[in-house]
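Chemist: Have a look at this one.
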Amino acid sequence: MAADTAPPRGVAIVTGAGTGIGRAAALALLDDGWRVVLAGRRAAPLEEVAALAPDAARVRAVPANVADEASVAALFQAAVQAFGRVDLLFNNAGTSATSPIDELSLERWQAVVDVNLTGMFLCLREAFRVMKAQTPRGGRIINNGSISATTPRPHSIAYTATKHGVSGLTKTASLDGRAFGIAVGQIDVGNALTPMAERMARGVLQAHGEVAAEPVMDVRIVGESVRYMASLPLEANVMFHTVMATKMPFAGRG
């Protein structure tokens, strides 16, 4: 491991930290000097990320299920016990379902809602509780909204509906956080190359009915974006930040 020469930062919790965007963000924050609590359902991927930290004393792996209220409370308790406070939550964990509307089961719909919307609320709520009570008071929350927070893909009603809901969480929490020094923003990511998005490069259904491969970008770019948003003083906030593969079909008509 490289010598730890990064300047000291605060304490961050990253959900969905074992793979993809969460992994990239956690590593970017660790490289920037943050103490990071890695959260996710599976312990093995979290431990793999923790092993890449420049300083093992600055990282903890805490298996957690964001859709479970008690598990979320235990996650934040573990962070406070390990590092004394929480300065940043990257509210990132998510799941998806691809299906025509009339073929989507209630069970699969509910599973997406439980993680993407209820899970994000539970983490946000617990962050508010900790950040309001700690001294100095306050902190920052970055919600992962996805480009689907504004624009749907075909056959994505559960994912798109929950990600639209995330924008409502971000706006309301940003408003309610003002009185307590809690800054809340959102990152909307388009076509970062992660295990979840590998299918983009292979070919996905387009709005006009054809299947086409789409450009993707290195997921590390998303990690750098999260690091930038996290680095701001609490007097400033990036409310909405979109980072995407330049040539992906998004703006205009595809």
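Just so you know, all these numbers are worked out from the coordinates, no wet-lab data involved. Since the model is a prediction, treat every value here as computed from it, not as a measurement. Note that each Cβ is placed from the backbone with ideal geometry, even for glycine, and that neighbours are counted across all protein chains shown.
Chemist: Taking the Cα centre of the chain as origin, work out the dipole magnitude from +1 charges on Lys and Arg Cβ and -1 charges on Asp and Glu Cβ, in debye rounded to 20.
Modeler: Working: 24 positive and 22 negative charges, 93 e Å.
Computed charge dipole of the chain: roughly 440 debye.
Chemist: Using all alpha carbons of the stretch 11-244, what is the percent of pairwise distances in each 10 Å bin, ordered from the shortest bin to the longest?
Modeler: For the stretch 11-244, the binned pair fractions read 8, 34, 38, 16, 4, 0 percent.
Chemist: I need the Debye-formula profile for the stretch 127-167: one equal scatterer per C-alpha, no solvent, reported as log10 I(q)/I(0) at q = 0.24, 0.27, 0.34 1/Å, two decimals.
Modeler: -0.71, -0.81, -1.07
Chemist: Out of residues 5 or more away from Gly10 or on other chains, whose amide H comes under 5 Å of its own, with H placed 1.01 Å from N in the peptide plane?
Modeler: Result for Gly10 returns Arg35.
Chemist: Looking at the chain, send over the antiparallel percent of its DSSP beta bridges, to the nearest 5. Write down the numbers at each step before the final one.
Modeler: Details: 2 of 32 bridges.
In the chain, approximately 5 percent of DSSP beta bridges are antiparallel ones.
Chemist: Would you please give the residues with an amide H less than 5 Å from that of Ile141, counting only those at least 5 places away or on a separate chain, with H modeled from the backbone geometry?
Modeler: Residues meeting the criterion, in which the H sits 1.01 Å from N, are Leu89, Ala183, Val184, Gly185.
Chemist: To make sure I understand, if each residue's beta carbon is the centre and we count other beta carbons within 10 Å, what order do Asp102, Asp32, Asp68, Asp176 fall in, fewest to most? Mind showing how you got there, number by number?
Modeler: On the way: Asp102 5, Asp32 20, Asp68 16, Asp176 13.
Result, fewest neighbours first: Asp102, Asp176, Asp68, Asp32.
Chemist: Modelling each spin label as a point 7 Å along the Cα-to-Cβ direction, I'd like the Thr246/Leu234 distance in nm, to one decimal.
Modeler: Each label point lies 7 Å from its Cα, and together they span 3.8 nm.
Chemist: Something else now. I'd like to know which of Pro63, Val14, Ala183 lies farthest towards the positive end of the charge dipole of the stretch 11-244, counting +1 on Cβ of Lys and Arg and -1 on Cβ of Asp and Glu.
Modeler: Projecting each Cα onto the dipole axis, the largest value belongs to Ala183.
Chemist: Something else now. With no solvent and one equal point scatterer per Cα, compute the Debye intensity ratio I(q)/I(0) for the stretch 1-116 at 0.14, 0.21, 0.22, 0.23 Å⁻¹ and report its log10, rounded to two decimals.
Modeler: Summing over Cα pairs of the stretch 1-116 leads to -0.57, -1.07, -1.16, -1.24.
Chemist: Would you mind calculating the gained length between Lys171 and Leu52 on full extension (0.36 nm times residue separation, minus the Cα-Cα distance), in nm to one decimal? All intermediate terms of the calculation are to be shown ahead of the outcome.
Modeler: On the way: separation 119, 0.36 × 119 = 42.84 nm, distance 3.42 nm.
Residue separation times 0.36 nm, minus the Cα-Cα distance, leaves 39.4 nm.
Chemist: Round to the nearest 0.05 the FRET efficiency obtained for Phe180 and Ala201 when R0 = 35 Å and r is the Cβ-Cβ distance.
Modeler: On the way: r = 42 Å, r/R0 = 1.21.
After rounding to 0.05, the efficiency reads 0.25.
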